[in-house]
Every structure is written in structure tokens, then in C-alpha cells.
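The values are calculated or read from the model by the stated rules, or taken from the named source; none is laboratory data. Keep in mind that what you see is a predicted model, and the values were worked out from it rather than measured. Backbone-built Cβ (ideal geometry, glycine too); neighbour counts: all protein chains shown.
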Amino acid sequence: MGSNQSHMGKGKSVGHTRANGNHAVGEPRLPRPHGTPRDYGDGDGGGHGDLGDCGNHTRVCYRTPHGGSACRCFERASVWIFDLDNTLYPASSNLFDQIAERMNLFIERLLGLSREAAQELRRRYYLEFGTTLAGLMARHGVAPDAFLSFVHDIDHSPIAADPPLARALAALPGRRYIFTNGTRRHAECVAARLGVLDHFDGIFDIADAAYVPKPHRATFERFCERLEVAPPEAVMFEDLPHNLETAHALGMTTVLVHSSYDDHPSQREIAAGAPPPAHVHHMTDDLAHFVGQLAARRAR
Ligand SMILES: [Mg+2]
């Protein structure tokens, strides 16, 4: 454990490394929301990625249409914050589908509902409270540990090692954290299977957040206080657009990672072709490539 241990919460260490990987460096790829090619600019003089209107942007800065006003870049970044589910691993693994099914089953058994009614309630609480758990705690007094251990009792084997992502993360200068509305155990299991666990300085999970999920401001502030993060020096990667709103408000740079798992209106609007909201500064559909490009740029 190196010097960054001081930034960990008590007993929150997952280990870390500062090895410099050989990251793949190629031409930047355009963000491709929901598999549909859409030009948000490639930082090469055209479209919304035009370097000419912001001297701080780099070629890997895939700015969204609002990038000009938001104008948040990566040059000052020293803290890299990653959501877990459908961000660090692709939604195509269907891992989150397993979790959703376990949530349905938990509600079905708890309240004696049909599978369909349980699914509807899960979605309603998710939209109303931010997470299904928050709704179950508020309306039914559910103990969070019982719910979380049940819903994360899944088969993690669909998650494959991701060496390009591991190399890219290892090459990022600064601290790296996982910030998840799930559990530490789930995050550790996923990160270990991806082969990236040792590249993170810590994990901030839903228990650390006192079961108040992202995007609540109090939770972001708790994260920053616990890990001594100055928001203007931080970059937040997320697959849920609305979870980036608070990150933006606090002064972080935001990156929306495309996910094919779009069960929230804020995702579906973008997938349907709507411009991303102003609090989404950058977008990518290839996290490993994006991070690798950032690392390569910062290494120069
Ligand atoms: Mg996610």
C-alpha cells in the first residue's frame, strides 16, 4: 500500500498499484450512443469537438453539444471516479439483468406479489427513490443488508477479464475509485474478474453512503469528504446520465459511458436521439479506449 492509503476510509482498502501499463493508443473513436453513429465531434476541428473553441481540450475530449458552456476538461484531473454496474463492465454481460431478477424475486416473496407486480414495484421505487432498496427501506422497513446480500447472490462468471481496461487504468495518473450504489463485495468480485481491482485506491459503496444512493448531493459530498476529493480535480464516469448531474453541480468533469441497458428515462431519451443534457460533458462507448487515450495524453 502506497502513499494514497491516507485517502482510504477506515478499513476500505482494496489495494492499488502504480504500475505503468502499455496502453493501446489509436485514433479516437466517436461516441456511439446506443449503437447509432452520431457525430459529437472528434476533437479534430469539426463539429462539437472543435479544438478551436476551447484551448484546454484534447483530441480525446469527446465533447457533447453542451461542451462549450460546460467546458470541463481533464488537464487538472487527479482523481478518477468510476461507477460500477454497466460502466466498468459492459451491459451486454447481462449481469445487471441477474440483479434485477433477484430484486424482483425478493419483492415477490416479501410482499406476496406476482412476478409482474413485483417488477412494476421495483421499477417504481427505482424511479421514485433512486434505488429499489431506498424505496423498500422507506415504505416497508426492509433491512438493507438482507436485501443487498440476496440481490447480489448472482453468477459473476459472465464478467471476463479486460486487459485493455486494466492497462488504461494503471496508466491514469492520480487516484482511482469505484463509487457504486451496490455493495463492496459485489464491486470487489466484479473488479477482480475484470482484472482491475488492484488498480483502484478504494471503493465507496451504498453502506458508505448510509444507503442514500447517487445522485443525492449528500452522498457525493460524503464521498468527497471521506476520500478527500476536491471536485474540480475529479472526473466521474457513469452510465446513468442523471447520476452525473450532481457531479457536474459540484464541479467535477463528467463522462457518460454508453450502456445498452437503458431502463431509465434519462438514458432512453439520449438513446432515442435527444442531445445529452448540459451536465454530460463527454461521452464514450468504449471506456478502455477512452481512458487509455486520456492516460496517453497525460503521459506526454
Ligand atoms: Mg451503473
Looking only at the stretch 230-279, how many residues end up being in contact with an Asp or Glu (Cβ under 6 Å, 6 or more places away or on another chain) and on the phi > 0 side of the Ramachandran plot?
0
From the residues in the stretch 69-122 that are touching a Phe, Trp or Tyr at 6+ places or on another chain (Cβ under 7 Å) and within 16 Å of HIS156 (Cα to Cα), which one is farthest from the ligand (Cβ to nearest atom)?
ARG102
Whether any residue in the stretch 186-194 is over 16 Å from LEU95 (Cβ atoms) and not hydroxyl-bearing (Ser, Thr, Tyr) is what I want to check.
no
Pairs under 6 Å by beta carbon, first residue closer than 23 Å to PHE74 by Cβ in the stretch 214-243, partner within 15 Å of the ligand (Cβ to nearest atom) and of a type in the set (Asp, Glu), six or more apart or different chains?
PRO215/GLU245; GLU238/ASP83
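Here is a yes/no grid of residues against (1) surrounded by fewer than 21 Cβ atoms within 10 Å (Cβ to Cβ); (2) more than 22 Å from ASP262 (Cβ to Cβ); (3) within 17 Å of the chain's Cα centre (by Cα):
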site	(1), (2), (3)
GLU116	yes, no, no
ALA134	no, no, no
ALA138	yes, yes, no
ASP153	yes, yes, no
Residue under question is TYR211, and the condition is that it be aromatic (Phe, Trp, Tyr) and more than 16 Å from the ligand (Cβ to nearest atom); does it hold?
yes
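Results for (1) of a type outside the set (Gly, Ala, Ser); (2) modelled with pLDDT of 90 or more; (3) not assigned by TED's automatic domain parsing to the domain that holds PHE290, shown as yes or no for each residue.
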residue	(1), (2), (3)
CYS71	yes, no, no
PHE74	yes, no, no
TRP80	yes, yes, no
ASN86	yes, yes, no
ILE99	yes, yes, yes
GLU108	yes, yes, yes
GLY112	no, yes, yes
ARG115	yes, yes, yes
Report those strands (runs of 3 or more DSSP E) wholly inside the stretch 180-291 carrying at least 1 residues which are within 23 Å of ARG102 (Cβ to Cβ).
202-204, 234-238
What number of residues in the stretch 198-241 are farther than 20 Å from THR253 by Cβ and of a type in the set (Ser, Thr, Tyr)?
1
Suppose the filter is in a helix (DSSP H, G or I), more than 12 Å from ASP83 (Cα to Cα), in contact (Cβ under 8 Å) with a residue 12 or more places away in the chain and more than 16 Å from the ligand (Cβ to nearest atom); does PRO173 pass it?
no
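Table: residues versus (1) under 13 Å from GLY182 (Cβ atoms); (2) of a type in the set (Val, Ile, Thr).
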{"position": "GLU120", "(1), (2)": "no, no"}
{"position": "PHE129", "(1), (2)": "no, no"}
{"position": "THR132", "(1), (2)": "yes, yes"}
{"position": "GLY141", "(1), (2)": "no, no"}
{"position": "PRO144", "(1), (2)": "yes, no"}
{"position": "SER157", "(1), (2)": "no, no"}
{"position": "ALA160", "(1), (2)": "no, no"}
